[in-house]
Amino acid sequence: MDSTVGVIFSSINEQNVPGLTKVRSMGSIPFGGRYRLVDFALSNMVNSGITTVGMITKSNYQSLMDHLGSGKYWDLARKEGGLILLPPYSDETETLYKNRLEALKGATAFLRKAKQDFVILADSDAVYKLDYSKVIDYHIKKNADITMVYHEHKLVKSHSYMTFDVAKDGRIDSIKINPVSDGVENNYINVMVARTSFLLRLIQDAIQHGYTSFGKDILSPGVSSYRLYGYKFDGYYKSIDSLATYFDANMDLLDKKIRTELFGERDIYTKVNDSSPAKFAESASVKNSLISDGCLIEGTVENSILFRGVKIGKGAVVKNCILMTDNIVGENCTLSYVVSDKNSVIRDNRVLAGCEIQPYFINKGTLI
(Lines give C-alpha, C1' and ligand atoms only; values in the text may rest on other atoms or scores of the structure.)
Protein backbone atom coordinates (compact mmCIF):
# COMPACT_ATOMS: atom_id res chain seq x y z
CA MET A 1 0.00 0.00 0.00
CA ASP A 2 3.06 2.27 -0.07
CA SER A 3 2.26 2.60 -3.78
CA THR A 4 -1.21 4.08 -3.13
CA VAL A 5 -2.23 7.67 -2.40
CA GLY A 6 -5.66 8.54 -1.04
CA VAL A 7 -7.99 11.40 -1.93
CA ILE A 8 -11.07 12.16 0.19
CA PHE A 9 -13.88 14.52 -0.84
CA SER A 10 -14.95 16.26 2.37
CA SER A 11 -17.75 18.39 0.91
CA ILE A 12 -19.53 16.35 -1.76
CA ASN A 13 -23.35 16.02 -1.55
CA GLU A 14 -23.73 18.65 1.19
CA GLN A 15 -27.05 19.71 -0.35
CA ASN A 16 -28.64 16.46 0.84
CA VAL A 17 -28.46 17.44 4.52
CA PRO A 18 -28.63 21.26 4.47
CA GLY A 19 -29.38 21.59 8.17
CA LEU A 20 -26.35 19.58 9.25
CA THR A 21 -24.01 21.24 6.73
CA LYS A 22 -25.16 24.81 7.27
CA VAL A 23 -22.14 25.53 9.49
CA ARG A 24 -19.80 22.65 8.57
CA SER A 25 -18.63 20.44 5.73
CA MET A 26 -20.11 17.00 5.04
CA GLY A 27 -17.11 15.23 6.49
CA SER A 28 -17.27 17.06 9.80
CA ILE A 29 -20.88 16.12 10.62
CA PRO A 30 -20.87 14.65 14.17
CA PHE A 31 -21.78 10.98 14.37
CA GLY A 32 -22.27 8.27 16.95
CA GLY A 33 -21.57 10.32 20.06
CA ARG A 34 -17.89 11.03 19.43
CA TYR A 35 -17.00 10.69 15.73
CA ARG A 36 -17.22 12.71 12.53
CA LEU A 37 -18.27 11.21 9.19
CA VAL A 38 -14.82 11.76 7.70
CA ASP A 39 -13.35 9.43 10.34
CA PHE A 40 -14.64 6.38 8.46
CA ALA A 41 -13.03 7.03 5.07
CA LEU A 42 -9.86 8.34 6.69
CA SER A 43 -9.55 5.43 9.13
CA ASN A 44 -10.20 2.96 6.32
CA MET A 45 -7.24 4.43 4.45
CA VAL A 46 -4.93 4.39 7.46
CA ASN A 47 -5.93 0.84 8.40
CA SER A 48 -5.23 -0.18 4.80
CA GLY A 49 -1.67 1.13 5.01
CA ILE A 50 -2.15 4.38 3.08
CA THR A 51 0.07 7.08 4.57
CA THR A 52 -0.49 9.96 2.12
CA VAL A 53 -4.01 11.37 2.00
CA GLY A 54 -5.23 14.52 0.28
CA MET A 55 -8.39 16.04 1.80
CA ILE A 56 -10.32 18.17 -0.71
CA THR A 57 -12.06 21.03 1.10
CA LYS A 58 -14.64 23.52 -0.10
CA SER A 59 -16.55 25.80 2.27
CA ASN A 60 -17.42 25.84 5.97
CA TYR A 61 -14.37 23.69 6.65
CA GLN A 62 -13.18 25.38 9.86
CA SER A 63 -14.68 22.60 11.99
CA LEU A 64 -13.07 20.03 9.69
CA MET A 65 -9.65 21.64 10.19
CA ASP A 66 -10.19 21.79 13.95
CA HIS A 67 -11.08 18.11 13.96
CA LEU A 68 -8.26 16.87 11.73
CA GLY A 69 -5.51 19.11 13.06
CA SER A 70 -2.12 17.77 12.02
CA GLY A 71 -3.54 14.29 11.49
CA LYS A 72 -1.79 12.85 14.54
CA TYR A 73 -4.83 10.90 15.74
CA TRP A 74 -4.70 8.95 12.48
CA ASP A 75 -0.88 8.65 12.57
CA LEU A 76 -0.68 11.01 9.60
CA ALA A 77 1.47 13.76 11.14
CA ARG A 78 4.50 12.97 9.00
CA LYS A 79 7.45 14.77 7.41
CA GLU A 80 6.73 13.06 4.10
CA GLY A 81 3.20 12.43 2.96
CA GLY A 82 0.69 12.35 5.80
CA LEU A 83 -2.55 14.35 5.77
CA ILE A 84 -2.64 17.23 3.29
CA LEU A 85 -5.54 19.69 3.07
CA LEU A 86 -6.22 20.62 -0.55
CA PRO A 87 -7.77 23.99 -1.49
CA PRO A 88 -11.21 24.11 -3.16
CA TYR A 89 -9.82 25.52 -6.42
CA SER A 90 -6.97 24.84 -8.82
CA ASP A 91 -3.88 26.87 -9.64
CA GLU A 92 -5.64 28.23 -12.74
CA THR A 93 -8.81 29.56 -11.07
CA GLU A 94 -9.93 31.14 -7.83
CA THR A 95 -13.56 29.99 -8.06
CA LEU A 96 -14.88 27.15 -5.91
CA TYR A 97 -15.49 23.84 -7.63
CA LYS A 98 -19.09 22.95 -8.51
CA ASN A 99 -18.84 19.18 -8.90
CA ARG A 100 -16.59 16.16 -8.46
CA LEU A 101 -14.77 16.62 -11.75
CA GLU A 102 -13.87 20.24 -10.99
CA ALA A 103 -12.69 19.13 -7.54
CA LEU A 104 -10.38 16.59 -9.18
CA LYS A 105 -9.08 19.24 -11.54
CA GLY A 106 -8.07 21.23 -8.48
CA ALA A 107 -6.23 18.20 -7.07
CA THR A 108 -4.08 17.56 -10.16
CA ALA A 109 -1.03 19.32 -8.70
CA PHE A 110 -1.25 17.07 -5.62
CA LEU A 111 -1.61 13.95 -7.79
CA ARG A 112 1.26 14.91 -10.09
CA LYS A 113 3.51 15.43 -7.08
CA ALA A 114 2.53 12.10 -5.56
CA LYS A 115 5.01 9.29 -6.13
CA GLN A 116 2.45 6.50 -5.69
CA ASP A 117 1.34 4.38 -8.65
CA PHE A 118 -2.30 4.08 -7.57
CA VAL A 119 -4.90 6.48 -6.21
CA ILE A 120 -8.05 5.65 -4.27
CA LEU A 121 -10.88 8.18 -4.22
CA ALA A 122 -13.50 8.14 -1.46
CA ASP A 123 -16.34 10.33 -0.23
CA SER A 124 -16.93 11.19 3.42
CA ASP A 125 -20.72 10.95 3.45
CA ALA A 126 -21.08 7.28 4.38
CA VAL A 127 -20.65 4.96 7.35
CA TYR A 128 -18.81 1.71 6.61
CA LYS A 129 -15.58 -0.19 7.24
CA LEU A 130 -13.64 -1.48 4.24
CA ASP A 131 -10.09 -2.75 3.78
CA TYR A 132 -9.02 -0.72 0.75
CA SER A 133 -5.95 -2.94 0.25
CA LYS A 134 -8.27 -5.73 -0.93
CA VAL A 135 -9.72 -3.39 -3.54
CA ILE A 136 -6.19 -2.53 -4.73
CA ASP A 137 -5.28 -6.22 -4.97
CA TYR A 138 -8.46 -6.88 -6.97
CA HIS A 139 -7.69 -3.92 -9.22
CA ILE A 140 -4.20 -5.25 -9.99
CA LYS A 141 -5.43 -8.83 -10.47
CA LYS A 142 -8.00 -7.70 -13.05
CA ASN A 143 -5.55 -5.33 -14.75
CA ALA A 144 -8.35 -2.78 -14.56
CA ASP A 145 -8.25 0.84 -15.62
CA ILE A 146 -10.79 1.73 -12.91
CA THR A 147 -12.26 -0.36 -10.12
CA MET A 148 -15.51 0.90 -8.60
CA VAL A 149 -16.81 -0.41 -5.27
CA TYR A 150 -20.51 -1.22 -5.06
CA HIS A 151 -22.98 -2.40 -2.46
CA GLU A 152 -26.24 -4.20 -3.10
CA HIS A 153 -29.16 -2.32 -1.57
CA LYS A 154 -32.44 -0.72 -2.48
CA LEU A 155 -32.19 2.58 -4.31
CA VAL A 156 -32.48 5.80 -2.35
CA LYS A 157 -34.06 8.52 -4.47
CA SER A 158 -33.17 11.51 -2.30
CA HIS A 159 -29.87 12.21 -4.06
CA SER A 160 -27.98 11.56 -7.29
CA TYR A 161 -26.70 8.02 -7.54
CA MET A 162 -25.07 5.60 -9.93
CA THR A 163 -25.71 1.90 -10.50
CA PHE A 164 -24.13 -0.58 -12.87
CA ASP A 165 -24.46 -4.09 -14.24
CA VAL A 166 -21.56 -6.44 -13.55
CA ALA A 167 -20.63 -9.51 -15.62
CA LYS A 168 -19.54 -12.80 -14.05
CA ASP A 169 -15.86 -11.85 -14.36
CA GLY A 170 -16.54 -8.57 -12.51
CA ARG A 171 -16.36 -6.29 -15.53
CA ILE A 172 -18.92 -3.49 -15.65
CA ASP A 173 -21.29 -3.87 -18.63
CA SER A 174 -23.25 -0.64 -18.29
CA ILE A 175 -23.54 2.35 -15.98
CA LYS A 176 -26.85 4.05 -15.19
CA ILE A 177 -27.13 7.54 -13.74
CA ASN A 178 -30.20 8.13 -11.54
CA PRO A 179 -32.14 5.09 -12.83
CA VAL A 180 -35.80 4.57 -11.99
CA SER A 181 -36.04 1.40 -9.90
CA ASP A 182 -37.71 0.17 -6.73
CA GLY A 183 -35.57 -2.95 -6.37
CA VAL A 184 -32.13 -3.88 -5.14
CA GLU A 185 -29.33 -2.57 -7.38
CA ASN A 186 -25.54 -2.55 -7.55
CA ASN A 187 -25.11 0.90 -6.03
CA TYR A 188 -21.78 2.65 -6.48
CA ILE A 189 -20.58 3.81 -3.05
CA ASN A 190 -18.21 6.48 -4.40
CA VAL A 191 -15.02 4.54 -3.73
CA MET A 192 -12.78 4.18 -6.78
CA VAL A 193 -9.27 2.90 -7.58
CA ALA A 194 -7.19 3.84 -10.63
CA ARG A 195 -3.59 4.24 -11.65
CA THR A 196 -2.53 7.78 -10.82
CA SER A 197 -1.21 8.35 -14.34
CA PHE A 198 -4.47 7.06 -15.87
CA LEU A 199 -6.63 9.32 -13.70
CA LEU A 200 -4.49 12.33 -14.58
CA ARG A 201 -4.97 11.56 -18.29
CA LEU A 202 -8.73 11.36 -17.78
CA ILE A 203 -8.75 14.72 -15.97
CA GLN A 204 -6.62 16.34 -18.67
CA ASP A 205 -8.89 14.95 -21.39
CA ALA A 206 -11.92 16.27 -19.51
CA ILE A 207 -10.39 19.74 -19.34
CA GLN A 208 -9.66 19.77 -23.07
CA HIS A 209 -13.19 18.66 -23.98
CA GLY A 210 -14.96 20.89 -21.45
CA TYR A 211 -16.60 18.01 -19.58
CA THR A 212 -18.57 18.82 -16.45
CA SER A 213 -19.56 15.44 -15.00
CA PHE A 214 -17.20 12.62 -14.05
CA GLY A 215 -20.02 10.09 -14.15
CA LYS A 216 -21.97 11.18 -17.23
CA ASP A 217 -19.06 12.42 -19.40
CA ILE A 218 -16.31 9.94 -18.48
CA LEU A 219 -17.45 6.79 -16.68
CA SER A 220 -20.72 6.02 -18.46
CA PRO A 221 -19.38 6.54 -22.02
CA GLY A 222 -16.13 4.78 -21.06
CA VAL A 223 -17.70 1.37 -20.39
CA SER A 224 -16.84 0.13 -23.88
CA SER A 225 -13.39 1.70 -24.15
CA TYR A 226 -11.99 1.36 -20.60
CA ARG A 227 -11.49 -1.70 -18.43
CA LEU A 228 -14.00 -0.89 -15.70
CA TYR A 229 -14.47 -3.45 -12.94
CA GLY A 230 -16.79 -3.63 -9.95
CA TYR A 231 -15.71 -4.73 -6.48
CA LYS A 232 -18.58 -5.96 -4.32
CA PHE A 233 -18.67 -4.83 -0.68
CA ASP A 234 -20.90 -6.99 1.52
CA GLY A 235 -20.46 -5.30 4.90
CA TYR A 236 -22.59 -2.71 6.68
CA TYR A 237 -23.02 0.45 4.61
CA LYS A 238 -25.17 3.52 5.13
CA SER A 239 -25.06 6.58 2.90
CA ILE A 240 -25.93 9.84 4.69
CA ASP A 241 -28.10 11.39 2.00
CA SER A 242 -30.91 12.83 4.14
CA LEU A 243 -31.72 13.66 7.74
CA ALA A 244 -33.67 10.38 7.91
CA THR A 245 -30.67 8.25 6.86
CA TYR A 246 -28.45 10.19 9.28
CA PHE A 247 -30.91 9.33 12.03
CA ASP A 248 -31.08 5.68 10.93
CA ALA A 249 -27.31 5.29 10.80
CA ASN A 250 -26.95 6.63 14.33
CA MET A 251 -29.75 4.43 15.62
CA ASP A 252 -28.09 1.41 13.98
CA LEU A 253 -25.26 1.83 16.48
CA LEU A 254 -27.63 0.69 19.21
CA ASP A 255 -27.48 -2.75 17.56
CA LYS A 256 -24.54 -4.61 19.12
CA LYS A 257 -23.87 -6.59 15.94
CA ILE A 258 -23.47 -3.42 13.85
CA ARG A 259 -21.34 -1.73 16.54
CA THR A 260 -19.02 -4.74 16.60
CA GLU A 261 -18.70 -4.75 12.81
CA LEU A 262 -17.89 -1.04 12.63
CA PHE A 263 -15.69 -0.64 15.68
CA GLY A 264 -14.33 -4.12 16.35
CA GLU A 265 -10.92 -5.38 15.15
CA ARG A 266 -9.54 -2.37 13.24
CA ASP A 267 -10.37 0.88 14.97
CA ILE A 268 -12.18 3.93 13.63
CA TYR A 269 -9.91 6.75 14.79
CA THR A 270 -11.05 10.22 15.80
CA LYS A 271 -9.92 13.31 17.66
CA VAL A 272 -9.63 12.60 21.37
CA ASN A 273 -11.29 15.00 23.82
CA ASP A 274 -10.58 14.70 27.52
CA SER A 275 -13.79 14.98 29.53
CA SER A 276 -14.99 13.89 32.92
CA PRO A 277 -17.07 10.67 33.07
CA ALA A 278 -20.83 10.83 32.61
CA LYS A 279 -22.86 11.33 35.80
CA PHE A 280 -26.19 9.64 36.55
CA ALA A 281 -28.40 11.00 39.32
CA GLU A 282 -30.58 8.72 41.46
CA SER A 283 -33.57 9.91 39.46
CA ALA A 284 -31.97 8.88 36.16
CA SER A 285 -33.21 6.00 34.01
CA VAL A 286 -31.20 5.01 30.92
CA LYS A 287 -31.98 2.17 28.51
CA ASN A 288 -30.36 1.06 25.24
CA SER A 289 -28.48 4.34 24.69
CA LEU A 290 -24.97 5.61 24.00
CA ILE A 291 -23.96 8.20 26.59
CA SER A 292 -20.72 10.14 26.05
CA ASP A 293 -18.31 11.60 28.58
CA GLY A 294 -19.30 14.74 30.44
CA CYS A 295 -23.05 14.09 30.32
CA LEU A 296 -25.31 14.71 33.32
CA ILE A 297 -28.48 12.60 33.34
CA GLU A 298 -31.25 13.35 35.84
CA GLY A 299 -34.22 12.24 33.71
CA THR A 300 -35.12 9.32 31.44
CA VAL A 301 -33.17 8.44 28.29
CA GLU A 302 -34.14 5.57 25.98
CA ASN A 303 -32.91 4.47 22.54
CA SER A 304 -30.89 7.66 22.16
CA ILE A 305 -27.38 8.91 21.44
CA LEU A 306 -25.98 11.71 23.58
CA PHE A 307 -22.74 13.48 22.67
CA ARG A 308 -20.32 15.04 25.15
CA GLY A 309 -21.63 17.46 27.77
CA VAL A 310 -25.35 16.87 27.28
CA LYS A 311 -27.53 17.63 30.34
CA ILE A 312 -30.95 16.05 30.85
CA GLY A 313 -33.04 17.69 33.60
CA LYS A 314 -35.22 16.02 36.21
CA GLY A 315 -38.48 14.63 34.94
CA ALA A 316 -37.38 14.98 31.30
CA VAL A 317 -38.09 12.06 28.96
CA VAL A 318 -35.82 11.67 25.92
CA LYS A 319 -36.62 8.81 23.54
CA ASN A 320 -35.23 8.01 20.07
CA CYS A 321 -33.17 11.20 19.96
CA ILE A 322 -29.72 12.37 18.88
CA LEU A 323 -28.45 15.24 21.00
CA MET A 324 -25.10 16.69 19.98
CA THR A 325 -22.40 18.27 22.15
CA ASP A 326 -23.44 20.55 25.03
CA ASN A 327 -27.19 20.32 24.51
CA ILE A 328 -29.26 21.20 27.59
CA VAL A 329 -32.71 19.70 28.08
CA GLY A 330 -34.70 21.35 30.86
CA GLU A 331 -36.88 19.73 33.50
CA ASN A 332 -40.10 17.91 32.58
CA CYS A 333 -39.42 18.11 28.83
CA THR A 334 -40.56 15.39 26.46
CA LEU A 335 -38.48 14.73 23.34
CA SER A 336 -39.19 12.06 20.75
CA TYR A 337 -37.39 11.57 17.43
CA VAL A 338 -35.41 14.80 17.79
CA VAL A 339 -32.02 15.57 16.21
CA SER A 340 -30.51 18.58 17.97
CA ASP A 341 -27.30 20.22 16.77
CA LYS A 342 -24.59 21.48 19.16
CA ASN A 343 -25.06 24.05 21.93
CA SER A 344 -28.86 24.10 21.85
CA VAL A 345 -31.02 24.74 24.91
CA ILE A 346 -34.53 23.39 25.41
CA ARG A 347 -36.24 25.09 28.34
CA ASP A 348 -38.41 23.42 30.97
CA ASN A 349 -41.74 21.80 30.07
CA ARG A 350 -41.20 21.79 26.29
CA VAL A 351 -42.66 18.96 24.16
CA LEU A 352 -40.93 18.27 20.83
CA ALA A 353 -41.63 15.33 18.53
CA GLY A 354 -40.84 14.13 15.04
CA CYS A 355 -41.06 10.69 13.52
CA GLU A 356 -38.67 8.05 12.24
CA ILE A 357 -38.81 9.18 8.62
CA GLN A 358 -38.86 12.88 9.48
CA PRO A 359 -37.05 13.67 12.75
CA TYR A 360 -37.55 17.09 14.32
CA PHE A 361 -34.32 19.03 13.66
CA ILE A 362 -32.94 21.80 15.89
CA ASN A 363 -30.25 24.07 14.43
CA LYS A 364 -26.98 24.70 16.22
CA GLY A 365 -27.18 27.17 19.09
CA THR A 366 -30.98 27.33 19.16
CA LEU A 367 -32.94 28.32 22.27
CA ILE A 368 -36.40 26.79 22.53
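Give me the angle, in degrees from 0 to 90, between the Cα long axis of helix 132-141 and the longest principal axis of the Cα atoms of the chain, rounded to the nearest 10.
Roughly 20 degrees between the two axes.
Can you list the HN-Hα couplings for region 218-235, worked out from phi with the Karplus curve (6.51, -1.76, 1.60; θ = phi - 60°), rounded to whole Hz and with x for Gly and Pro?
So the J values, rounded to whole Hz, are 10, 5, 4, x, x, 4, 7, 9, 10, 8, 9, 10, x, 10, 7, 10, 9, x.
For the chain, what is the accessible area per residue in Å² when the probe is 1.4 Å? Before the final figure, lay out the partial values.
On the way: 16360 Å² over 368 residues.
Value for the chain: 44 Å² per residue.
Tell me whether region 302-368 comes out rounded, prolate or oblate; compute the Cα gyration tensor, take square roots of the eigenvalues as a ≥ b ≥ c, and use a/c under 1.5 as the rounded threshold.
The shape class here is rounded.
I want the antiparallel fraction of DSSP beta bridges within the chain, as a percent rounded to 5.
35
With the cut-off at 1.5 for a/c, could you classify the chain from its C-alpha gyration tensor as rounded, prolate or oblate?
On the way: a/c = 2.03, a/b = 1.80, b/c = 1.13.
Since a/c reaches 1.5 and a/b is larger than b/c, the shape of the chain is classed as prolate.
Does anyone have the angle between helix 243-252 and the longest principal axis of the chain? Alpha-carbon axes, 0 to 90°, nearest 10?
Taking the Cα atoms of the chain, the angle to 243-252 is about 80 degrees.
Under the Karplus relation 6.51 cos²θ - 1.76 cosθ + 1.60, θ = phi - 60°, what is the ordered set of whole-Hz ³J(HN,Hα) values for region 166-174, x standing for Gly and Pro?
With the stated coefficients, region 166-174 comes to 10, 6, 4, 7, x, 6, 7, 7, 7 Hz.
With a ≥ b ≥ c the root eigenvalues of the C-alpha gyration tensor of region 70-191, is it rounded (a/c under 1.5), prolate (a/b larger than b/c) or oblate?
Note, shape of region 70-191 comes out prolate.
For Lys216, Lys342, what's the largest-to-smallest order of accessible area, 1.4 Å probe?
Working: Lys216 125, Lys342 45 Å².
Highest to lowest solvent-accessible surface, that is Lys216, Lys342.
What number, in percent, do you get for the relative contact order of the chain if the mean sequence gap of Cα pairs under 8 Å and at least 6 apart is divided by its residue count? Before the final figure, lay out each step's value.
On the way: 853 pairs, mean separation 53.2, N = 368.
Relative contact order, the chain: 14 percent.
All other residues with a Cβ under 13 Å from the Cβ of Tyr269 taken together, and with Lys, Arg as +1 and Asp, Glu as -1, what is their net charge?
+3
State, as an integer percentage, the relative contact order of region 12-158 based on alpha-carbon contacts under 8 Å between residues 6 or more apart.
27
Size of the dipole of region 141-284 about the Cα centre, Lys and Arg at +1 and Asp and Glu at -1 on the beta carbon, nothing else charged, in debye to 20?
400
In whole Hz and in residue order, list the ³J(HN,Hα) couplings for region 321-337 that follow from phi through the Karplus curve 6.51 cos²θ - 1.76 cosθ + 1.60, θ = phi - 60°; x for Gly and Pro.
Using θ = phi - 60°, the values come out as 10, 10, 10, 7, 3, 6, 6, 10, 10, x, 5, 6, 7, 10, 10, 9, 6 Hz.
Give the relative contact order (percent, whole number) for region 259-368; include only Cα pairs under 8 Å separated by 6+ residues.
Taking the mean separation of contacting Cα pairs over the length of region 259-368, I get 15 percent.
If I compute solvent accessible area with a 1.4 Å probe over the protein chains, what percent of it on the chain is carbon and sulfur?
46
Which trypsin sites (Lys or Arg not before Pro) does region 40-85 hold that lie in a coil by DSSP with at most 12 other beta carbons within 10 Å?
In loop regions of region 40-85 (DSSP not H, G, I, E or B), the sparsely surrounded trypsin sites (Lys or Arg not before Pro) are Lys79.
Can you list which of the GluC sites (Glu not before Pro) found in region 261-368 are DSSP loop residues with at most 16 other C-beta atoms within 10 Å? List each step's numbers first, then the result.
Details: sites: Glu261, Glu265, Glu282, Glu298, Glu302, Glu331, Glu356; in loops: Glu265, Glu282, Glu298, Glu331, Glu356.
Within region 261-368, the qualifying GluC sites (Glu not before Pro) (loop, at most 16 other Cβ atoms within 10 Å) are Glu265, Glu282, Glu331, Glu356.
Which trypsin sites (Lys or Arg not before Pro) from region 1-45 combine a DSSP loop assignment with at most 14 other Cβ atoms within 10 Å?
Listed in order of number, the matching sites are Lys22.
GNM, the chain, Cα, under 10 Å: largest mean-square fluctuation among Gly82, Gly210, Gly230?
Comparing Gly82, Gly210, Gly230 in a Gaussian network model of the chain, the most mobile one is Gly210.
Build a GNM of the chain with springs between Cα atoms under 10 Å: which of Ser59, Ser11, Ser304 gets the top mean-square fluctuation?
Among Ser59, Ser11, Ser304, the largest mean-square fluctuation in the Gaussian network model of the chain belongs to Ser59.
Taking a 19 Å limit on the Cα-Cα distance, which of the listed pairs Lys22/Lys364; Lys216/Lys238; Lys168/Lys232; Lys238/Lys319 fall beyond it? Before the final figure, lay out each step's value.
Details: Lys22/Lys364 9 Å; Lys216/Lys238 24 Å; Lys168/Lys232 12 Å; Lys238/Lys319 22 Å.
Among Lys22/Lys364; Lys216/Lys238; Lys168/Lys232; Lys238/Lys319, the Cα-Cα distance tops 19 Å for Lys216/Lys238; Lys238/Lys319.
Could you give the length gained on full extension between Asp205 and Asn363, defined as 0.36 nm per residue of separation minus the Cα-Cα distance, in nm?
52.6 nm
The values are calculated or read from the model by the stated rules, or taken from the named source; none is laboratory data. This structure is a prediction, so every number in the text was calculated from the model and none was measured. Using ideal geometry, Cβ is built from the backbone for each residue, glycine included, and neighbour counts are taken over all protein chains shown. Surface areas here come from the heavy atoms of the whole protein model, side chains and all, with no ligands, DNA or RNA. Shrake-Rupley method; radii C 1.70, N 1.55, O 1.52, S 1.80 Å.
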